[in-house]
1. Has the stretch 114-122 got at least one residue that is closer than 20 Å to residue 26 by Cα, modelled with pLDDT of 90 or more and of a type in the set (Phe, Trp, Tyr)?
2. Would you mind finding the one in 107, 87 that is of a type in the set (Asp, Glu) and surrounded by 12 or more Cβ atoms within 10 Å (Cβ to Cβ)?
3. Please indicate, with yes or no, whether at least one residue in the stretch 114-134 is more than 14 Å from the chain's Cα centre (by Cα) and at positive phi.
4. Go over the candidates 48, 75 one by one and state the one that is basic (Lys, Arg) and closer than 22 Å to residue 139 by Cα.
5. Can you say whether residue 165 is surrounded by fewer than 16 Cβ atoms within 10 Å (Cβ to Cβ), modelled with pLDDT under 85 and part of a helix (DSSP H, G or I), as far as the supplied structure shows?
6. Need pairs with beta-carbon distance below 6 Å; first residue under 23 Å from residue 32 (Cα atoms) and buried (at least 21 other Cβ atoms within 10 Å of the Cβ) and within the stretch 45-66, second modelled with pLDDT of 95 or more and not hydrophobic (A, V, I, L, M, F, W, C); sequence gap 6+ or separate chains.
7. Using the structure shown, decide if residue 137 is closer than 18 Å to residue 33 by Cα and either polar (S, T, N, Q) or assigned to a strand (DSSP E or B) (or both).
Amino acid sequence: MGEKIMKSMEIRSSEITTSGAGTLTGYVVRWDKLSELLWGEFYEKFQRGAFTEWLAAGNDVRGLYEHDHSMLLGRTRSGTLKLEEDETGLRFELTPPDTSTGRDVIELVKRGDISGMSFGFRSRKDVWDTTTDPCVRTVLVAELYEITVTSVPAYPDSGVELARRSLYEQHPRKNAACG
């Protein structure tokens, strides 16, 4: 049997709105905007164009509900998820399927019960400003694996643990708190 390999990725959050009949739009990330304090240690921001290489290479990005791969809402390969970098950030347009999950997600967003987005990525190149307290990580180049419509735009425990382990290895002050 084939072995399933899980890559470490990081999860971040943003906002979502409805646009038109059943299309969800928003920004996955806004350029040069500081995140909330992550794990009480550092802030993070994305440089404009951080996903340019990944998107230009035609990599398939999935649109999910609650980070659940069994609740697929769209993907770039099929054209039901569109991603575009502009002057503000990485913008998305997602057209969920006419399924119970797709209809539920649209209705929950329309009602305002869901207004958050998360995304799973892996940084390929970043820089740390350790002269500030807390320090600031700027992601320069990243791989984007998923965007996720979520009722809780926060870091799920499993995602945080995976991200924390991968970040710890890259962190410029491994043995000291960054902040």
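The values are calculated or read from the model by the stated rules, or taken from the named source; none is laboratory data. As the structure is a computational prediction, the values presented were derived from the model and not from experiment. Every residue, glycine as well, gets a Cβ built from its backbone with ideal geometry; the counts of neighbours run over all protein chains shown.
1. Yes.
2. On the way: 87 fails: surrounded by 12 or more Cβ atoms within 10 Å (Cβ to Cβ).
One residue alone meets the criteria, 107.
3. Narrowing the stretch 114-134 to residues more than 14 Å from the chain's Cα centre (by Cα): 114-115, 124-134.
From the residues that got through so far, the ones that are at positive phi too are none.
Looking for residues that are more than 14 Å from the chain's Cα centre (by Cα) and at positive phi, one finds none in the stretch 114-134, hence no.
4. 48
5. So residue 165 passes the test.
6. Note: pairs meeting the criteria are 61/76.
7. Values: closer than 18 Å to residue 33 by Cα: yes; either polar (S, T, N, Q) or assigned to a strand (DSSP E or B) (or both): yes.
Yes.
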